[in-house]
Each structure stands twice: as structure tokens, then as C-alpha cells.
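Worksheet: one structure, shown below.
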Amino acid sequence: MHTQLPTFTSAQWTVTTLLDSISHELLSDTRCAALRMFAYAVTEPGWQELRSSILHWLGRRRHRTAVVYAGTDHALTDPDALRAMLSDGVEVRVMRTYHGIYHPKLFWLLGDQTHRVWVGSNNITREGLLHNVEFATLIKADQSSPELDRWFQEVHNASEPFDEQLVRSYETERRAYAQKRSTAGTFTWSRREEPPLPPTRPAATSGGRMPRRSRPRTLPRQAHLVVQTGDLVVEIMPRETGPDGKQIQLPKEAAVRFFGLQNSVGASRQLTLSPIGTMQSRTLTMTLFGNNTARLSITELDYRDRPCVIIFHPQGRGSFAFEIVQQSIFPARYRRLLSLCGNQTRADSRHWSIT
């Protein structure tokens, strides 16, 4: 193979442009028929970052296929991510028969005389595609190599097609494992510092144009909320978590004052939530429980994100943008936001504030 093109383009501690590189190639490709993805870890937020580009590529030509070979080691892969990919038309295979740890991070776009192979450290996770310090290389070639073909065949033989019974088995064991480790939170060295946040930038494009309805979204992927008057800032602790760490329990006073929930047990209200930097939104029902908390399930939240702070910003008519600020990724910003939170329902409970 030839023409090695590193996807890292910045001298700052930001992220590689792997996501933009893949989107660029998928947008401009007219010759390839298959996309193969190999990942040690796959999460639903990670899939959402790739989804529009891959679905656009699949829809531009008949008989194209996309397949993911997902690992389950260390319980990092999210079962709901595999379900989401399958429902979007991606073939999902889970690794079953192999030695050691299944640890590759590789994307392979292939056709009769065109091959694009991205090899790097990025998993199909939000952190791996957006936040972490990663590195990846794009290799372009007009043909594959016997070694790569043999490696692929070995991986394929070690995997099995997605099966709900298999995934439920993994999901049950993963949940039990998560509950054991969720109370500790993610380790972050106390001496760690972080550089200033980079300026928000739009995703790179290839210069080509697509029909408006099918064009992948190009909103800034690294947007951050600046806390404004009237925002809710709430601490999310390792404890009091639901399955996979996605559930949060908001203090009753915060839910009543900020979200407009009625102050009576069993009261509920529908909310529209949108992660900052995307056009994705979903409607959830918030309900007030007898323990003076209101519960929400945040898809983008994971037990590995805890401890963190979530900023909620009102957008009108029951709609709210939000951002998760993890201690492990943004330690200085996490500390600054936590310092804004002066309210507590009781000793040792989460801190919160409406600014």
C-alpha cells in the first residue's frame, strides 16, 4: 500500500480529524461497495457521530454494505449501539472465538480497485472521535494485501452475526459489572491540567455538494455551552445511577424551578433534549418520585463519564440543550462549574445551581 496520510493536523492538544477524514471519503466515493469497521469499543453516541455519513454513502448506490466487527472485552461496547446500527442497516457481528483481547480500531472502505484503510487509536465512541488525544493514518491503495485479507478472514471467522439472545446475555453480565464499579467513578490524576478550549469549528467538507435533504449535518462537533443566567448546572455523582450509568436523579427543587415540573409525587412533564453541537433531539418524560427526585435517562451519559457536571440551557417551549462536562476530560472546567453549584438537598447529595 502507499500514500500514507496522517489525519492529525493540529499542533494543539485537541483530537485527530479521523471523523472528518472518513466523512470526506464517504462523501466523495463513487467506486467502493463495502465498508468494514473493526472496534474494541462501540457506543451509541459514537455511532451517532458516524451515522449520517455512513447512511448517506449506503443510500447513494445499490448493493453497498457496511459491517461492524464489535468487541465486548472490558464491557465497553454498548448493546444499544449494536441494536441502533442494526436497525440502520449495518450488519453487526460480535466477536466470540479468539485469544487475548480484541483491540483493533480500523475502518476499511473497499472496492475492486480502490482501498481506503484508516488505522489508529480511535474507537467508535464519543470520546474516541471527539475528545481524546488520538492518532490515525489513512492508507490509500488500488489493491489490498494478502496479509490484510488474511487478518480480515481470521477476524470474520472469530465473529458471529448479531443475535438478540447473545446480546442480552452480554447486556446482563455487563450491567452487573457496571454496578460493581460505578460507585468509584473514573480515575483522574489530581495534578492533571487542561489547555484552553479550542475554537469551535465546522466539520470539514470535500467541496462537493449534495442534495439538501441527504446532506450530512455539518454543525460544529466541538461546541461548548457558555453558562448563562437561568441555566441549570448539576453535579452527577458516581452513585445513584441506573443501568450503564445513563440515569440521573435531579433534586425536586431543581426539577420544579427549572423544568416546570409540578410539585407533587407522580407529576410528569415531557421535555425535548438536544446534545450541544448537534441537531439531534428526543422527547423524554420526567417524573417526580417519592424520594424527592426527578429521573431522566441521558443516552450520551455513561458510568465512565462520572463524576461530571451537566449544563442544561432552556431553548423555549419545553426544549433544552445540554452538555456533559466530565472530570476525566475537562478537569479544570469541571472544577469551575462545580464551584457554581451551591445547593444541596441534604449532606453528601449532589450540588446544583440555577445561575
| message | Using the basic label-point model (7 angstrom from Cα toward the beta carbon), what is the residue 73 to residue 280 distance in nanometres? | response | 2.7
| request: Pull out the extension gain between residue 156 and residue 239, defined as 0.36 nm times the separation in residues minus the alpha carbon to alpha carbon distance; nm, one decimal. | output: 26.0 nm
| query | For residue 173 and residue 289, what is the calculated FRET efficiency with R₀ set at 22 Å and r taken between the beta-carbons, to the nearest 0.05? | reply | 0.20
| field | Equivalent ellipsoid semi-axes, the stretch 2-181, via Cα gyration tensor eigenvalues times 5, rooted, Å | value | 25, 19, 16
| said: Please compute the modelled spin-label separation between residue 319 and residue 98, points set 7 Å along Cα→Cβ, answer in nm with one decimal. | reply: 4.2
| field | Mean separation of Cα contacts under 8 Å (6+ apart) over length of the stretch 2-181, as relative contact order % | value | 29
| said: Let me make sure I get this right: for the stretch 39-138, a, b and c are the square roots of the gyration tensor eigenvalues over alpha carbons, sorted descending. Under 1.5 in a/c it's rounded, otherwise prolate if a/b > b/c, else oblate. Which is it? | reply: rounded
| task | Using only Cα atoms, locate the centre of the stretch 27-85 and the centre of the stretch 246-305, then give the distance between them in Å, rounded to an integer. | result | 29
| request: Arrange the following residues from fewest to most other Cβ atoms within 10 Å of their Cβ: 107, 187, 135. | output: 187, 135, 107
| From phi via Karplus (6.51, -1.76, 1.60), per-residue ³J(HN,Hα) for the stretch 69-86 in Hz, x at Gly/Pro | 10, 9, x, 10, 4, 6, 6, 7, 5, 8, x, 5, 5, 5, 5, 5, 5, 4
| Across all directions of projection, what mean area in square nanometres is found for the Cα convex hull of the stretch 243-355? | 7.2
| query | How would you rank 22, 324, going from fewest to most other Cβ atoms within 10 Å of each one's own Cβ? | reply | 324, 22
| request: Can you list which of the GluC sites (Glu not before Pro) found in the stretch 234-310 are DSSP loop residues with at most 12 other C-beta atoms within 10 Å? | output: none
| query | Which far-off residues, 5 or more places away or on another chain, put their amide H under 5 Å from the one on residue 301, with H placed in the peptide plane? | reply | none
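Values quoted throughout were computed directly from the atomic coordinates according to the rules given, and no laboratory measurement underlies them. Computed from a predicted model, the values in this text were never measured in an experiment. A quick note on method: Cβ atoms are made from the backbone with ideal geometry, for glycine too, and the neighbour counts reach across all protein chains shown.
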